[in-house]
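Enquirer: Quick one: this structure, given as structure tokens, is what I'll be asking you about.
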Amino acid sequence: MDRDPHVCVMGEDVGHYGGSYKVTRGLADKYGDLRVLDTPIAENSFTGMGIGAAMTGLRPIIEGMNMGFLLLAFNQISNNCGMLHYTSGGQFTIPVVIRGPGGVGRQLGAEHSQRLESYFQSIPGIQMVACSTPYNAKGLMKAAIRSENPVILFEHVLLYNLKERIPDEEYICNLEEAEMVRPGEHVTILTYSRMRYHVMQAAKTLVNKGYDPEVIDIRSLKPFDLHMIGNSVKKTHRVLIVEECMRTGGIGASLTAAITENFHDYLDAPIVCLSSQDVPTPYAGTLEEWTVVQPAQIVTAVEQLCQ
Amino acid sequence: MALWFAKSRTIIHHLKREVGFMGVFHQNIWTSSSSSSYMQPGPLSSIFPFNSSQRFKSTKAASQHEHLYSTDDDGGDNSQADITYPPFSEEKAEGLDFPGGNVACISEMRFLSESTGMRIPCYSVLDGNGEIIVGSDYEQLSEEIAVKMYTSMVTLQMMDTMFYEAQRQGRISFYMTSTGEEAISIAAAAALTADDIILPQYREPGILLWRGFTIEEFASQCFGNKDDCGKGRQMPNHYGSKKLNFVTISSPIATQLPQAVGVAYSLKMDKKDACVVTYTGDGGTSEGDFHAALNFAAVTEAPVVFICRNNGWAISTNISEQFRSTYLFSCLLRLPFSFSCKGSPCTKPITLSGTIQCFFLSAFLSLGDGIVVRGRAYGIRSIRVDGNDALAVYSAIHTAREMAISEQRPVLVEALSYRVGHHSTSDDSTKYRSVDEIEYWKKVRDPVNRFRKWVERNGWWSEEEESELRSSMKKQLLQAIQVAEKTEKPPLKELFSDVYDVPPPNLREQEKQLRETIIRYPQDYPSDVPL
């Protein structure tokens, strides 16, 4: 926002309240009410407003208080945000960033535990990225703001408290690149967002048992970084996908199809995909824990895959 | 029933005779512009108790209301739904603080009536014969602008006819006419500047025409050929032109309304001397986006002019089914010639002679809660305008624009009109409305004819110019259609470009696969799409 006066934020309670997860804390004081706009409760409409503003030269960052509420904005996101650059023959660009906290939290109930990446992945014209560390959150956010395409940035409710040392100087992360978290030889584990941490926890156990997993945080959900993924598959010949979204029509399903299509010859075993079950997220703590993939399940899957 | 008509006839008489009744409604919120003058409330203020500073118990209005809704068979007690306004004596009121401010309290329990009894009249300047009603407020038009407006309206009318025919002949796939609503788009465009950004619904090509979009460009878009600035990607009639500040049309209804607020927000941040004008129809006002856009515009104080084309129909849904306006009036809308309304106490048909009917309907069809009253609910200044009166539309939009920019506030304009054509080429409106009704509006209430009479009266137009214009325009239109039909379509690569700023690997891959398929089966590939 400092660098470019056209960047502005809009969403519910982003102004003086600082956002439901305090992502925009302090910005309204610094940049004023007009650049950090508190909107009334109408997701479809403030998303539409952001799209209109983007067409006229601003670079809005639209915040959904919880990603799940952006389902109300689906019309604007699909029919206008993704399409207008194309249907106008390239005359109008929509450089918006749509972001918000999503994923399964701690007992937030089904409506606040949505994983929208699977619903949005088909929309032509948008890019989707998921951040997972403070480093890539900053990098991806900057890249998304500077991109001419509409970008949906998926944050996770349970990752806001992470702390990490990041460089002082300016840096951006490439929107279409995946991140190599842990190089290895035996199996490629593809994951994103919070599941990265479950995978790394499982990785510790796996290393103790003598396995050498390669962990890749795919980051870019649309389009997939098939370059890095492909190289990994060619090396290890075994793929495990660990994701938080539902099995049916999820990111894992698309990723499985993409890998099979492109790297079929390099696979020694069918691709295994661990996802949440196709159920609404229950409120009860113990049940909620079991809809999300746990490190123990990841360890078992790797062991089976490597037999 | 007969009694009510007689009473209303006196009202019409008043409407015709009285000067500046606008002043009655807007005296608290209308700031005088150069040509409009500030009027004292006349005798009409007792008949139109809508004046916000004169809330009083109107027994007259209540008795009129009783005539309108005879509830002989209604056993319920309707005493609480009177059209009365609470007494408002300053001494008694004790304010209480609530979120939102201080509010006076009264101990009489009074409900605000669901309707005001009498409807908001519409601002109209030209009568049916093209004469200016004596004492009207309106913006003067120069000969040049007036003639351009008229020729544009004729061009639009002819373009609509010929392109509609082209669809019927199978040459284009789809078309939507603006027949009957030419004044709403062209007169508005004339009142705006080239910097004002338009977010249209889909029945406003008149604006593009005014701003210089050529017949050839219209034809190219409809045929989706390589000359289309939209690169053949949208269905016909979904025009867009960045250089003319006309945002590409998107089919879902009312999605452009919150976008308009965003555009206005951007103009506001940049402090530009321009406003945003966005259109929707009567049907579009039912969408959630309409509500939120008006609300947002008011809260963010965005310089947006919302124009609602209330043309009576949303495909086959009459406005009586779209929102709650008086049942009686909705019947009138359907039966202009004989007033035998189902459900009313009087079932005897009453027919009236042509000219009186004309004024009758112009008064009654402007009566109905409609959309203008909603503006106030959001804190938006509103006006109801006769959409078939080009001068009135011009003046209203001219003033609305000034207000929007200088005061940084939204304005709502309800333009009453009638959709003479079918909704689109996929519709046959005779299935749900009478041919007589359509013919009446087409012949008697045509906005183009009405404006022509005025232009001719001023000596700015003649019969020769008329036939000259029509014949040359017909040639140009036919030529444009023929040329556009034969022009090549956009090349194959345009199928994959502009989805993103730069085609990503998966799209490049898909294009490669498509080209390979075409090479293998060239006979199945269309001949007018260059590779």
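Enquirer: Please determine, in degrees from 0 to 90 and to the nearest 10, the orientation of helix A:195-208 with respect to the longest principal axis defined by the Cα atoms of chain A, where the helix direction is its Cα long axis.
Expert: On a 0 to 90 degree scale, this one is about 20.
Enquirer: Less than 19 Å from a label point 7 Å out along the Cα-to-Cβ axis of residue B:531: which backbone N atoms in segment B:473-505 qualify, by residue?
Expert: The answer is B:488-497, whose backbone nitrogens lie closer than 19 Å to the label point.
Enquirer: Would you mind classifying segment A:179-306 by shape? Square roots of the alpha carbon gyration tensor eigenvalues, ordered a ≥ b ≥ c; an a/c under 1.5 is rounded, otherwise it is prolate if a/b is larger than b/c and oblate if not.
Expert: Details: a/c = 1.82, a/b = 1.28, b/c = 1.43.
Here segment A:179-306 falls in the oblate category.
Enquirer: Relative to the first principal axis of the alpha-carbon coordinates of chain A, what is the inclination of helix A:226-236, with its axis defined by its Cα atoms, in degrees from 0 to 90 and to the nearest 10?
Expert: Between helix and principal axis, roughly 10 degrees.
Enquirer: From the protein chains alone at 1.4 Å, what is the descending order of accessible area for B:524, B:498, largest first?
Expert: Result, largest first: B:524, B:498.
Enquirer: Provide the FRET efficiency to the nearest 0.05 for the residue B:376-residue B:301 pair, computing r from the beta carbons and using R0 = 22 Å. Can you show the working numbers first?
Expert: Details: r = 16 Å, r/R0 = 0.74.
Calculated value: 0.85.
Enquirer: Are there any residues in segment A:62-80 with a reduction of at least 20 Å² in accessible surface when going from the isolated chain to the assembly of protein chains? Probe 1.4 Å, please list them by number.
Expert: A:75, A:76, A:79, A:80
Enquirer: Additional query: Solvent-accessible area of residue B:235, probe 1.4 Å, all protein chains present, reported in Å² to the nearest ten, please.
Expert: 80 Å²
Enquirer: Report, to the nearest whole %, how much of the accessible area of segment B:491-530 belongs to carbon and sulfur atoms, 1.4 Å probe, protein only. Write down the numbers at each step before the final one.
Expert: Working: 1610 of 2760 Å².
Taking all protein chains in place, segment B:491-530 shows 58 percent carbon and sulfur surface.
Enquirer: Rounded to the nearest 10 Å², what accessible area does residue A:228 have for a 1.4 Å probe in the complete protein model?
Expert: 50 Å²
Enquirer: Please list B:105, B:275 in order of solvent-accessible area, largest first, computed with a 1.4 Å probe with all protein chains present.
Expert: Numbers: B:105 55, B:275 0 Å².
The residues order as B:105, B:275, largest area first.
Enquirer: How high is the FRET efficiency from residue B:406 to residue B:148, r the C-beta distance, R0 45 Å, rounded to 0.05? Don't skip to the answer; put the middle values down first.
Expert: Details: r = 26 Å, r/R0 = 0.58.
Approximately 0.95, to the nearest 0.05.
Enquirer: With each pseudo-label sitting 7 Å past Cα toward Cβ, what's the residue B:131-residue A:25 distance in nm, one decimal?
Expert: So the two model labels end up 7.4 nm from each other.
Enquirer: Could you give the semi-axes, largest first, of the ellipsoid that matches chain A, computed as the square roots of 5 times the alpha carbon gyration tensor eigenvalues and rounded to whole Å?
Expert: On the way: eigenvalues 225, 85, 68 Å².
Semi-axes (√(5λ), whole Å): 34, 21, 18.
Enquirer: Enter the per residue convex hull volume of segment B:169-299, computed from alpha-carbon coordinates, in Å³ rounded to the nearest integer.
Expert: Working: hull volume 15.1 nm³, N = 131.
That works out to 115 Å³ per residue.
Enquirer: OK, next. Could you work out the relative contact order of segment A:11-121? I mean the mean sequence separation of Cα pairs under 8 Å and 6+ apart, divided by the number of residues, in percent. Spell out each step's value before the answer.
Expert: Working: 160 pairs, mean separation 26.5, N = 111.
Normalised by residue count, the contact order of segment A:11-121 is 24 percent.
Enquirer: Right, something else. Ignoring ligands, DNA and RNA, what percent of the accessible area of chain A is carbon or sulfur (1.4 Å)?
Expert: Numbers: 6380 of 12160 Å².
For chain A, the apolar C and S fraction of the accessible surface comes to 52 percent.
Enquirer: Continuing with the same structure: Taking beta carbons within 10 Å but only from partner chains, what does the mean come to for residues B:241-253?
Expert: Working: counts 3, 7, 1, 0, 1, 1, 7, 11, 2, 8, 2, 5, 0.
Averaged over the peptide's residues, the number is 4.
Enquirer: Just tell me how shielded A:54-61 is by partners: mean number of partner chain Cβ atoms within 10 Å of each residue's Cβ, no decimals.
Expert: Details: counts 4, 9, 14, 5, 7, 0, 3, 0.
Taking all residues of A:54-61 together, the mean is 5.
Enquirer: Residue B:433 label point, 7 Å along Cα→Cβ, cut-off 16 Å on backbone N: hits in segment B:403-417?
Expert: Label zone hits: B:415-417.
Enquirer: A follow-up question, please. Once you compute Rg and the Kirkwood Rh from C-alpha atoms, what is the Rg to Rh ratio for segment B:90-222? Show your work: numbers first, answer last.
Expert: Values: Rg = 23.7 Å, Rh = 19.4 Å.
Here Rg/Rh amounts to 1.22.
Enquirer: Could you compute Rg(Cα) / (2.2 N^0.38 Å) for segment B:366-483, with N its residue count? Can you show the working numbers first?
Expert: Numbers: Rg = 18.7 Å, N = 118, 2.2 N^0.38 = 13.5 Å.
For segment B:366-483, the normalised Cα radius of gyration comes out at 1.39.
Enquirer: Taking Cα atoms, how many degrees apart are the long axis of helix A:295-305 and the longest axis of chain A, rounded to 10 and kept between 0 and 90?
Expert: Long axis of A:295-305 versus the principal axis of chain A: about 50 degrees.
Enquirer: Using every Cα-Cα pair within segment A:7-156, state what percent have a distance larger than 27 Å. Don't skip to the end; give the middle numbers.
Expert: Values: 1613 of 11175 pairs.
Tail of P(r) above 27 Å: 14 percent of Cα pairs.
Enquirer: Counting only heavy atoms of the protein chains, get the accessible area per residue of chain A (1.4 Å probe) and round it to a whole Å² value.
Expert: Values: 12160 Å² over 307 residues.
Spelled out: the 1.4 Å probe surface of chain A, per residue, equals 40 Å².
Enquirer: Taking trypsin sites (Lys or Arg not before Pro) as candidate sites, keep only those in a DSSP loop with at most 14 other Cβ atoms within 10 Å, then name the longest stretch of chain A containing none of them.
Expert: Numbers: sites that count: A:3, A:22, A:25, A:106, A:163, A:165, A:209.
Counting only loop sites that pass the neighbour cut-off, the longest clear stretch is A:210-307.
Enquirer: If you don't mind, another one. Residues of segment B:497-520 losing 30 Å² or more of accessible surface, assembly versus chain alone, probe 1.4 Å, please list them.
Expert: Output list: B:498, B:499, B:500, B:501.
Enquirer: What is the spin-label model distance, in nm, from residue B:517 to residue A:34 if the labels are put 7 Å beyond Cα along the C-beta direction?
Expert: So the two model labels end up 5.0 nm from each other.
Enquirer: Normalised by the residues of segment A:1-75, what does the relative contact order come to in percent, with Cα pairs under 8 Å and at least six apart? Intermediate values should be presented prior to the final figure.
Expert: Numbers: 113 pairs, mean separation 27.4, N = 75.
Relative contact order, segment A:1-75: 36 percent.
Enquirer: Another question, then. Quick one: grab the alpha carbon gyration tensor of segment A:225-299, order the square roots of its eigenvalues as a ≥ b ≥ c, and give me rounded if a/c is under 1.5, else prolate or oblate depending on whether a/b is larger than b/c. Please report the intermediate quantities before stating the final value.
Expert: Values: a/c = 3.16, a/b = 2.18, b/c = 1.45.
Note, shape of segment A:225-299 comes out prolate.
Enquirer: Okay, moving on. Suppose R0 equals 41 Å. What FRET efficiency, 1/(1 + (r/R0)^6) with r the Cβ-Cβ distance, do residue A:201 and residue A:267 give to the nearest 0.05? The partial results should precede the final answer.
Expert: Values: r = 26 Å, r/R0 = 0.63.
So the FRET efficiency works out to roughly 0.95.
Enquirer: Could you grab the relative contact order for chain A? Cα pairs under 8 Å, six or more apart, rounded to a whole percent. Display every interim value, and only then the final one.
Expert: On the way: 631 pairs, mean separation 44.1, N = 307.
Computed over chain A, the figure is 14 percent.
Enquirer: Roughly how large is the B-A contact in terms of buried accessible area, totalled over both chains, probe 1.4 Å, nearest 100 Å²?
Expert: On the way: alone 25490 and 13830 Å², together 35940 Å².
That pair hides around 3400 Å² of surface in total.
The values are calculated or read from the model by the stated rules, or taken from the named source; none is laboratory data. From a predicted model like this one, the values you see are computed outputs, not experimental measurements. When we count neighbours, we look across all protein chains shown, and the Cβ atoms used for this are built from the backbone with ideal geometry, even at glycine. In case anyone asks, the SASA skips ligands and DNA or RNA and just uses the protein heavy atoms, side chains included. Shrake-Rupley method; radii C 1.70, N 1.55, O 1.52, S 1.80 Å.
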